[in-house]
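Student: Starting off with a structure, shown below.
The values are calculated or read from the model by the stated rules, or taken from the named source; none is laboratory data. All of these numbers come straight from a predicted model, not from anything done at the bench. Positions of Cβ are generated from backbone atoms using ideal geometry, with glycine treated the same way; all protein chains shown enter the neighbour counts. Side chains included, ligands, DNA and RNA excluded: accessible areas come from the protein's heavy atoms. Shrake-Rupley method; radii C 1.70, N 1.55, O 1.52, S 1.80 Å.
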Protein chains: 2
Amino acid sequence: MGQRSADKQGCCGAPIILQRAGELAEPVLRQQLAGLHPTLTVIAGYHMGWCDVDGKPTAARAGKGVCLALAVLAAEAVGASEEVALAGAAAVELVHVFTHMHDDIMDGDEQRRGRVSAWKAFGVGPTLLAGDAVLTAALRGLVEVGGQPGTRAIAEVLEMCEQLGFGQAQDLEFEQRPLLGPDAVDVAGYLAMAAAKTGALYAGASAVGAILAEASGQTVAALASAGRHLGLLAQIVDDVNGIWGDVKLTGKSIFSDLANRKKTLPVIAAVSSDRAVSRRLVELLSQPAGPEDDLEKLAALIAEAGGLDAAIAEAERHYCYVLDDLSRVVMPPGVRRELGELIEFIRHRRG
Amino acid sequence: MGQRSADKQGCCGAPIILQRAGELAEPVLRQQLAGLHPTLTVIAGYHMGWCDVDGKPTAARAGKGVCLALAVLAAEAVGASEEVALAGAAAVELVHVFTHMHDDIMDGDEQRRGRVSAWKAFGVGPTLLAGDAVLTAALRGLVEVGGQPGTRAIAEVLEMCEQLGFGQAQDLEFEQRPLLGPDAVDVAGYLAMAAAKTGALYAGASAVGAILAEASGQTVAALASAGRHLGLLAQIVDDVNGIWGDVKLTGKSIFSDLANRKKTLPVIAAVSSDRAVSRRLVELLSQPAGPEDDLEKLAALIAEAGGLDAAIAEAERHYCYVLDDLSRVVMPPGVRRELGELIEFIRHRRG
């Protein structure tokens, strides 16, 4: 997927916008979560990477903050200041946090960004409740904006939440479906699910930034569409990294997606190809996961069956859609450059 | 707690307003839940008592619908029609449903209204997600109201959600605290928790009905305060029924609150009394629950230690506050009579 450009980037190769949006939003995020019941503040803070299980501040890394960056850049694209996007950026980021907290419970994921996940550290009940409280805090922050943009932003975030729930339900349902046959998950089904998950999240972040900046409906729609395709790109890159990525960067156990028999795009594409190797792959993946699984061999077979190439081609298709959508929005050159850096970062990341 | 009047009541002694509000809101509730992912529609519908685990319609009884009735009566108190309250009534009812679905997971409650609870039937993950989707649907319904009343109603419901989360966090925390000593839960702590749970729910229902009817701030505050005290009354009656109620009406396993060592008001009042029997009670309740527990004897000891009398006195105190708050609101006599019937129903119910 090409070479990453080293200029105009912050530490660790991440674009400056992630740092800028993160620093802008952090005080707001901290303030909103500080208003919860103290037990829930610690759980949410732990999940955010701000503290350990006892609530003591840590230097653990937080999430990348792509939602924050997208909301800020969408507002700036329309000529507004970064502060205009702030409440919307924080709201979408907190919705993102809420879904992660709940998804980790549903998926039984015991790791998140290289640490024990919140439900594993604090229990299912308290983490479930902390997730609910984070969602409420997200929306309350937007209520304070007030006026027509505030109300439109709430409607947008709630529509996003509905899609996220729909996508997660599809994802849970995929687990029950076979790898082959009429009930199998196909590439189109996978893309619909990913559009409702990461797609809806990035679309919502972009739309909310533009809405708070009082952009026209056409501009909101173009930025939201770019966000949706960027989300699909990000999800596919994530799937690829889940199999062939750098485990030091993903923070997940090595090959955990394969060990969990997750129906990611490379797997779906590989098993549905007509190469001989895909039949062998279906046989191996149909067996229950076990400690004697040769996950490295599985990864090689998926690539051999064309799963890696198909995933990269699909990712590049959405990359082109992102650029196409953005070409339809008139924006200051500096904002377009920062958006470009963010997109390339997502496209090329290995963890 | 006195004799229940038999006139002006619907079937099973329930006041007509519950049936009226229920029939008004049911099509809206069904429509909102029908828009979810099909799996989540079935889980929510099962929880509502509308269908079995396979989604087939059933005649199982739904919740009482006190939130719906309070929202409708609050709007009517201000001279508006029942339709004005509808979106608010449905929103608060769905928030109620969402909290029940999640609370049952957190509390490990395997029964709800005489049936297996949703998480026990469908699993923790899908039920957690269905609860999230119900909350989102609740708020989306209010967004459609639009205008100043719609925005104020969303703010009110979100404030209610925040309190509900706070109260549930206190409730979970109570489980970890001892029965006696400086860290014990006292009556004041219990009342703060109950005010944030059922109190906030009924306050929110009343406030939202009045807000959508464009009532003055003073009237909204008085109706919300009446709702809060009615919620406290309802919670205490629930606690009493959990120990001495009619199991055919509560739909819970007999003495389940005692078997779960729940720190309900009768228990808290009983163990903190200075009667000799309360020391014996603390000893018995401090032992882990087991199949050889004599729960009937525990119930008798709690009454002997004054737990029942203290709970009834506290309930009656909140009953007086409800009447006092309502006396400050000018409303049509028919609405006041229906409110009175609802309050007496809550005060005297045995299940």
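Student: Can you tell me which residue is farthest from the other protein chains (Cβ to nearest Cβ) among those in segment B:140-150 that are in a helix (DSSP H, G or I) and in contact with a Gly (Cβ under 8 Å, 6 or more places away or on another chain)?
Tutor: Going residue by residue through segment B:140-150, those that are in a helix (DSSP H, G or I) are B:140-143, B:147-150.
This time we only want the ones that are in contact with a Gly (Cβ under 8 Å, 6 or more places away or on another chain), so: B:142-143.
Numbers: B:142: 9, B:143: 5 Å.
Across segment B:140-150, the extreme among qualifying residues is B:142.
Student: Sort out which residues of segment B:156-170 are touching a helix residue (DSSP H, G or I) at 6+ places or on another chain (Cβ under 7 Å) and either free of Cβ contacts under 8 Å to residues at least 60 places away in the same chain or farther than 20 Å from residue B:92 by Cβ (or both), and write them in order of number.
Tutor: The first filter runs over segment B:156-170 and keeps only residues touching a helix residue (DSSP H, G or I) at 6+ places or on another chain (Cβ under 7 Å), leaving B:156-158, B:160-170.
Across segment B:156-170, the qualifying residues are B:156, B:158, B:162, B:163, B:165, B:166, B:167, B:169, B:170.
Student: Go through segment B:279-299 and report how many residues are under 18 Å from residue B:244 (Cα atoms) and among the small types (Gly, Ala, Ser).
Tutor: 1
Student: Which ones in segment B:119-177 are surrounded by fewer than 23 Cβ atoms within 10 Å (Cβ to Cβ) and of a type in the set (Ser, Thr, Tyr)?
Tutor: Result: B:151, single match.
Student: Here's something else I'd like to know. Please state which one of B:286, B:206, B:253, B:273 is at pLDDT below 95 and touching a Gly at 6+ places or on another chain (Cβ under 7 Å).
Tutor: Details: B:286 fails: touching a Gly at 6+ places or on another chain (Cβ under 7 Å); B:206 fails: at pLDDT below 95; B:253 fails: touching a Gly at 6+ places or on another chain (Cβ under 7 Å).
Only one candidate passes the filter, namely B:273.
Student: Out of B:169, B:153, B:121, B:137, which single residue is at the interface with chain A (Cβ under 8 Å from one of its Cβ atoms) and more than 18 Å from the chain's Cα centre (by Cα)?
Tutor: On the way: B:169 fails: more than 18 Å from the chain's Cα centre (by Cα); B:153 fails: at the interface with chain A (Cβ under 8 Å from one of its Cβ atoms); B:121 fails: at the interface with chain A (Cβ under 8 Å from one of its Cβ atoms).
From the options B:169, B:153, B:121, B:137, the qualifying one is B:137.
Student: While we're looking at this one, here's another question. Go through (1) open to solvent by 50 Å² or more (accessible area, probe 1.4 Å); (2) among the hydroxyl-bearing types (Ser, Thr, Tyr); (3) over 27 Å from residue A:343 (Cα atoms) one by one and return the number of the condition residue A:81 breaks.
Tutor: (3)
Student: Restricting to segment A:172-194, name every residue that is within 14 Å of another protein chain (Cβ to nearest Cβ) and either under 15 Å from the mean Cα position of the chain (by Cα) or part of a helix (DSSP H, G or I) (or both).
Tutor: Narrowing segment A:172-194 to residues within 14 Å of another protein chain (Cβ to nearest Cβ): A:172-177, A:189, A:192-193.
Result: A:172, A:173, A:174, A:175, A:176, A:189, A:192, A:193.
Student: Given (1) more than 30 Å from residue B:218 (Cβ to Cβ); (2) open to solvent by less than 30 Å² (accessible area, probe 1.4 Å), where does residue B:109 come up short, assuming only one miss?
Tutor: (2)
Student: Out of the residues in segment B:268-304 meeting the condition of being assigned to a loop (DSSP other than H, G, I, E, B) and within 27 Å of the chain's Cα centre (by Cα), tell me which one is surrounded by the most Cβ atoms within 10 Å (Cβ to Cβ). Spell out how you get there, then give the answer.
Tutor: Taking segment B:268-304 and keeping what is assigned to a loop (DSSP other than H, G, I, E, B), we get B:272-275, B:287-294.
Right, trim to within 27 Å of the chain's Cα centre (by Cα) and you get B:272, B:289.
Numbers: B:272: 19, B:289: 12.
Looking at the filtered set, the residue picked out is B:272.
Student: Of everything in segment B:86-109 that's of a type in the set (Val, Ile, Thr) and farther than 11 Å from residue B:205 by Cα, which residue is nearest to the other protein chains (Cβ to nearest Cβ)?
Tutor: Here is the first cut: in segment B:86-109, the residues of a type in the set (Val, Ile, Thr) are B:92, B:95, B:97, B:99, B:105.
Okay, now just the ones that are also farther than 11 Å from residue B:205 by Cα, so B:97, B:99, B:105.
Working: B:97: 13, B:99: 8, B:105: 6 Å.
In this case the residue turns out to be B:105.
Student: A further question follows. Please work out which one of (1) open to solvent by less than 20 Å² (accessible area, probe 1.4 Å); (2) in a helix (DSSP H, G or I); (3) more than 14 Å from chain B (Cβ to nearest Cβ) is the condition residue A:198 fails and give its number.
Tutor: Condition not satisfied by residue A:198: (1).
Student: Another question, if that's okay. Working only within segment B:56-75, note down all residues that are open to solvent by 30 Å² or more (accessible area, probe 1.4 Å) and of a type outside the set (Ser, Thr, Tyr).
Tutor: To start, the set of residues in segment B:56-75 that are open to solvent by 30 Å² or more (accessible area, probe 1.4 Å) comprises B:56-64.
Listed by number, the residues that qualify are B:56, B:57, B:59, B:60, B:61, B:62, B:63, B:64.
Student: Scan segment A:234-250 and give yes if some residue there is small (Gly, Ala, Ser), in a helix (DSSP H, G or I) and in contact (Cβ under 8 Å) with a residue 24 or more places away in the chain, otherwise no. Can you show your working first?
Tutor: Going residue by residue through segment A:234-250, those that are small (Gly, Ala, Ser) are A:234, A:242, A:245.
Keeping just the survivors that are in a helix (DSSP H, G or I) gives A:234, A:242.
Next, from what is left, pick out any that are in contact (Cβ under 8 Å) with a residue 24 or more places away in the chain: A:234.
Yes.
Student: Still on this structure: So, in segment B:27-51, exactly how many residues are part of a loop (DSSP other than H, G, I, E, B) and within 14 Å of chain A (Cβ to nearest Cβ)? First the steps, then the outcome.
Tutor: Restricting attention to segment B:27-51, the residues satisfying the condition of being part of a loop (DSSP other than H, G, I, E, B) are B:35-37, B:49-50.
Retained after the next criterion (residues that are within 14 Å of chain A (Cβ to nearest Cβ)): B:35-37.
So the count comes out to 3.
Student: Working only within segment A:214-243, note down all residues that are open to solvent by 20 Å² or more (accessible area, probe 1.4 Å) and either among the small types (Gly, Ala, Ser) or more than 18 Å from residue A:88 (Cβ to Cβ) (or both). Write out each step before concluding.
Tutor: Here is the first cut: in segment A:214-243, the residues open to solvent by 20 Å² or more (accessible area, probe 1.4 Å) are A:214, A:216-219, A:221, A:225, A:228-229, A:235, A:238.
Those that are open to solvent by 20 Å² or more (accessible area, probe 1.4 Å) and either among the small types (Gly, Ala, Ser) or more than 18 Å from residue A:88 (Cβ to Cβ) (or both): A:216, A:217, A:218, A:221, A:225, A:229, A:235, A:238.
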